[in-house]
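Rule-based calculations on the coordinates, nothing more; no lab input. Everything numeric here is computed off the predicted structure, so don't read it as measured data. Note that each Cβ is placed from the backbone with ideal geometry, even for glycine, and that neighbours are counted across all protein chains shown.
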Amino acid sequence: MAAICLLANSSETNVFNVVRAVNSDKVSFQIFEIDSPLLDIMWCGNTREVILVQSEKGTIYRSRDRGESWKKLHSIMHQTGLSVIDEGLTDIGKVKKMMQSPVDDNLVVFTGTNGINWVTEDCGANLRALNSGKRIHEFQYHPKQRSWALAAGWTSCADFADDEPCEIYKELYITKDLGNSWQYLKSYVFDFAWGTTTYSATLRAGKNVESRIFITHDPDLKGHQKTRERWKQSVHLYYSDDFFKTQKNALDAGNSIVMTNHYMFVAKAISSEAVKIHVSRAEAGFLDFRLARMPKNYHITDHFTVMDTSEKSVFLYVSDDKVAEPVGNLFVSDGLGYRFTHSLENIIKGGSAVDFETVESLDGTYIANRYDVNHGQGTNKPEGHLREVTEEDIAEEENAQAERSRMSNSGTASKNQKLTRDEGRRRTNRGKLEQL
């Protein structure tokens, strides 16, 4: 039995440490220096022997022996990039992001900053450079077709002739050969997603269309595509099953897409500042949109985040604009993904990340960070201090536990009542666990 741990060091030395334990009684420790702070780490391949590391400068490092030794891939990426760069240009850029295929763990795409991208089908042992002709800002593998992918990029003034006006907008493309060639699909695209998932692919014929693509798009937009406007009622959700030779409207004012294995969530604009949350299911080809049912009109918000769908029920974070601090509410859905109950309030969101984590080793267990909006008011101590637990608190909790124990041990209830009570206890315990 062996364990390996990679630790990043954000100091000026720009190193990361590999800690290895064998049989839990021997530990080896190695330090490797890189050219800038660590940005991303990827375990690659079916055997989990290969590790790929990306630094903030866009340099890729590869280990084929679980971190024992490392090779810098900068030279080979530079050489292959120069072989496909446009004539007269010398700057191939750097790696912006590395993305692993959901179909093949050995397949990795490295998107670049200047239109040059790299593909490896053996976890970096061999690389080939591809010239997409423009910078790829967003990239999505197909969930089932290994060689298919969607990519979006923005136009630049260099794309237009001297007698044409410069118009900046987002274009969507598809490749069916891992980026060797690209087919144009649509302009003025705001968001996009494949309309199939690994789960929907298991459904019977007619319920899944592997070529289905969803986009949010403004059909009347001309000139520059503005991104500062948060929500627009002129942007609608469309889908196509024939790579946009034809298209159909799926939801009016549908602005953004969050696709999960079982559900698709769409923000429907009702003003420039607020949206309603709509949901569709894989069983209906992601076309049966319904308004999410939540208490107190929480389905109207300025933004939301899908936190976890691993057990088919959905954990959904919905922002709370009634509170000055960046907090929101946590909801959990039923098995259909439409009806939500309130689980926790005042969940903290810092930047783009919500303080909510799944405990992978314990099914159904989650950790959330709450903000006490009343802390520091009245007789409470200032922020940063915990209230001491008093003898009264302990006595009150002990009495409550004794009461619960007495009621659960009662033998006077009928069989059906006991079953109902046991089910209620499970739900209560689950609710308490979610509030930790």
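Whole-Hz ³J(HN,Hα) for each residue in segment 138-154, computed from phi via Karplus 6.51 cos²θ - 1.76 cosθ + 1.60 with θ = phi - 60°, x for glycine and proline: what do you get?
9, 9, 9, 5, 6, x, 10, 7, 4, 9, 8, 7, 9, 8, 10, x, 9
Please give the residues of segment 224-267, grouped as numeric ranges, whose backbone N is less than 16 Å from a label point set 7 Å along the Cα-to-Cβ vector of residue 210.
So the set is 241-243.
Rounded, prolate or oblate: which fits segment 132-291, taking a ≥ b ≥ c as square roots of the Cα gyration tensor eigenvalues, rounded meaning a/c under 1.5, else prolate when a/b beats b/c? Each step should come with its number before you reach the end.
Working: a/c = 2.31, a/b = 1.22, b/c = 1.89.
Taking the square roots of the gyration eigenvalues as a ≥ b ≥ c, segment 132-291 is oblate.
Compute the distance in nm between two label points, each set 7 Å from the Cα along the Cα-to-Cβ direction, one at residue 72 and one at residue 177.
Here the modelled spin labels are 3.5 nm apart.
Calculated FRET efficiency, residue 121 and residue 227, Cβ-Cβ r, R0 30 Å, to nearest 0.05?
0.30
Please go through the residue pairs 170/312; 226/312; 144/186; 134/207; 245/349 and name each one whose alpha carbons sit more than 31 Å apart in this structure. Numbers along the way, then the final one.
On the way: 170/312 33 Å; 226/312 36 Å; 144/186 22 Å; 134/207 35 Å; 245/349 41 Å.
Pairs exceeding the cut-off: 170/312; 226/312; 134/207; 245/349.
Neighbouring Cβ atoms within 10 Å as the yardstick, rank 229, 360 fewest first. Don't skip to the end; give the middle numbers.
Values: 229 11, 360 8.
Sorted ascending by nearby Cβ count, the order is 360, 229.
Pull out the extension gain between residue 248 and residue 84, defined as 0.36 nm times the separation in residues minus the alpha carbon to alpha carbon distance; nm, one decimal.
On the way: separation 164, 0.36 × 164 = 59.04 nm, distance 3.79 nm.
Difference between extended and current length: 55.2 nm.
Just check segment 205-315 against the gyration tensor rule for me: Cα atoms, a ≥ b ≥ c as the square roots of the eigenvalues, rounded for a/c under 1.5, and otherwise prolate or oblate depending on whether a/b exceeds b/c. Mind showing how you got there, number by number?
On the way: a/c = 2.07, a/b = 1.04, b/c = 1.99.
Here segment 205-315 falls in the oblate category.
How high is the FRET efficiency from residue 145 to residue 65, r the C-beta distance, R0 30 Å, rounded to 0.05? The partial results should precede the final answer.
Working: r = 32 Å, r/R0 = 1.08.
That pair, residue 145 with residue 65, gives E of 0.40.
With label points built 7 Å along Cα→Cβ from the Cα atoms of residue 158 and residue 137, find their separation and express it in nm.
1.6
Using a Förster distance of 35 angstrom, determine the FRET efficiency expected from the C-beta separation of residue 396 and residue 276, and round it to 0.05. Before the final figure, lay out the partial values.
On the way: r = 42 Å, r/R0 = 1.19.
It comes out at approximately 0.25.
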